[in-house]
Amino acid sequence: MPIDPVLAAYSDDLYIGAVAVYVLAMFLHAFEFVGSRTPLRAKALVATSGDAVETAPEEPPARTVRTRSDKCGRMGVAVTIVGLLLHVGAIVLRGIATERWPLGNMYEFTSAICLAAVVCWLVVLRRSPLLRPVGAFVLAPMLILMFLGGTVLYANAAPVVPALQSYWLAIHVTTVTIASGLLMVAGVASILYLLVKAGKTGRVSVNLPSADDLDRLAYRVTVVAFPIYTFAVIAGAIWAESAWGRFWGWDPKETVAFVAWVVYAAYLHARATSGWRSTGAPWINVVGFATIVFNLFFINMVVAGLHSYAGLS
């Protein structure tokens with residue numbers, strides 16, 4: 001299978017450009033977060049109670065004056081969208097250059113997970129704009145993954161091994177990627193929730209959303225991600241039967257993926273159980289997120305198994 005080195009080089013350039021743009025977006029969100037003078041909780045209170053009291057007609061309200069922090073936040077969202085476009089271009093060009101689905105190694109897989117996380121975050125902002133200052137906390141772990149992907153995990157554009165030359169690559173790995181990206185956002189929300197509840201954020205918590213808002217964000221994203229992850233596990237079993245002659249063989253990656261599924265099922269159950277919703281459930285969600293990260297790095301790169309070909313090359 002021929003490789004187009006020119007398109008592959010353009011893909012790498014777009015990837016680097018996307019990382020640079022995401023860094024700028026993260027700093028803009030951080031400036032908004034630090035410079036915000038009105039706590040997010042106060043903004044939410046005004047937004048929910050502003051139409052509860054009827055007042056007599058008055059003169060048309062004056063034009064809203066945007067603060068510097070608000071402008072930084074809006075710029076952060078716009079810059080994130082630009083980074084998203086560059087990111088999509090990098091993945092598409094990698095696929096065209098190699099004439100295959102661009103999820104054949106750890107570099108491509110990590111890049112796609114980060115893309116899914118960014119798309120998820122932009123959708124969240126579309127529905128809940130008041131969460132915008134939290135963008136710095138969402139983009140930070142995503143940038144760490146992209147930095148690792150572009151350095152330690154980087155792999156030159158090349159054909160995949162025969163075991164991956166299947167249409168199941170597009171089905172199984174894509175759904176795992178989407179679910180992992182969504183669960184990254186949910187994991188960050190649960191971590192912030194636990195910090196706020198424990199009072200470990202100090203003055204920073206003033207500009208964070210309320211614990212209930214963070215818990216709701218984590219739950220809603222997980223509710224969407226869990227069925228996708230479930231389908232990915234089932235699709236992986238079907239692919240395993242086609243490639244290796246068995247649906248399940250207790251391969252390390254299969255085992256940890258199943259453990260992660262059990263943990264997230266336990267989280268959804270705990271979230272709906274009285275007494276666990278605000279105490280145990282967020283911790284379970286964080287454990288699930290840690291399991292996903294463990295499966296992504298340690299199992300792929302350290303433990304020998306049938307999925308070892310998905311490592312650095």
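The values are calculated or read from the model by the stated rules, or taken from the named source; none is laboratory data. Keep in mind that this is a model prediction, so the values were computed, not measured. Positions of Cβ are backbone-derived with ideal geometry, glycine not excepted, and every protein chain shown enters the neighbour counts.
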Output the qualifying pairs, or none if there are none: Cβ atoms under 9 angstrom, residues six or more apart or on different chains, first residue in segment 70-83 and closer than 16 Å to GLY17 by Cβ and touching a residue at least 24 places away in the same chain (Cβ under 8 Å), second residue among the acidic types (Asp, Glu) and surrounded by 19 or more Cβ atoms within 10 Å (Cβ to Cβ).
-> none
The number of residues in segment 250-287 that are assigned to a helix (DSSP H, G or I) and closer than 16 Å to LEU217 by Cα is 11
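Please tell me if LEU192 is touching a Lys or Arg at 6+ places or on another chain (Cβ under 8 Å), of a type in the set (A, V, I, L, M, F, W, C) and at pLDDT 90 or above. Even if it seems obvious, please write down each step before you answer.
On the way: touching a Lys or Arg at 6+ places or on another chain (Cβ under 8 Å): no; of a type in the set (A, V, I, L, M, F, W, C): yes; at pLDDT 90 or above: yes.
The answer is no for LEU192.
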Looking only at residues in segment 238-268 that are under 17 Å from ILE171 (Cα atoms) and surrounded by fewer than 17 Cβ atoms within 10 Å (Cβ to Cβ), which one is nearest to the chain's Cα centre (by Cα)?
-> ILE238
Among the numbered criteria (1) more than 30 Å from VAL196 (Cα to Cα); (2) of a type outside the set (Asp, Glu); (3) surrounded by fewer than 20 Cβ atoms within 10 Å (Cβ to Cβ); (4) modelled with pLDDT of 90 or more, which single criterion is violated by ALA78?
-> (1)
Residue in segment 115-131 that is over 17 Å from PHE33 (Cα atoms), at pLDDT below 95, in a helix (DSSP H, G or I) and of a type in the set (Lys, Arg) present | yes
For THR151: the one exception among (1) under 26 Å from PHE231 (Cβ atoms); (2) surrounded by fewer than 23 Cβ atoms within 10 Å (Cβ to Cβ); (3) not small (Gly, Ala, Ser) | (1)
Residue by residue through segment 117-164, note down the ones that are under 20 Å from ASP12 (Cα atoms) and hydroxyl-bearing (Ser, Thr, Tyr).
-> THR151, TYR154
Here the residues within segment 102-114 that are under 10 Å from THR177 (Cβ atoms) and in a helix (DSSP H, G or I) are GLU108, PHE109, THR110, SER111, ALA112, ILE113, CYS114
Per the filter on segment 213-232, residues under 19 Å from HIS172 (Cβ atoms) and of a type in the set (Val, Ile, Thr) are VAL224, ILE228, THR230
Go over the candidates LEU143, LEU183, LEU153 one by one and state the one that is of a type outside the set (D, E, K, R), over 9 Å from the mean Cα position of the chain (by Cα) and assigned to a helix (DSSP H, G or I).
-> LEU143
Pair list, Cβ under 8 Å, 6 or more apart: segment 231-248 residue farther than 12 Å from ALA179 by Cβ and charged (D, E, K, R), other residue assigned to a helix (DSSP H, G or I) and modelled with pLDDT of 75 or more | ARG246/ALA240
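Would you check if there is a residue in segment 269-284 being surrounded by 17 or more Cβ atoms within 10 Å (Cβ to Cβ), on the phi < 0 side of the Ramachandran plot and modelled with pLDDT under 85?
yes
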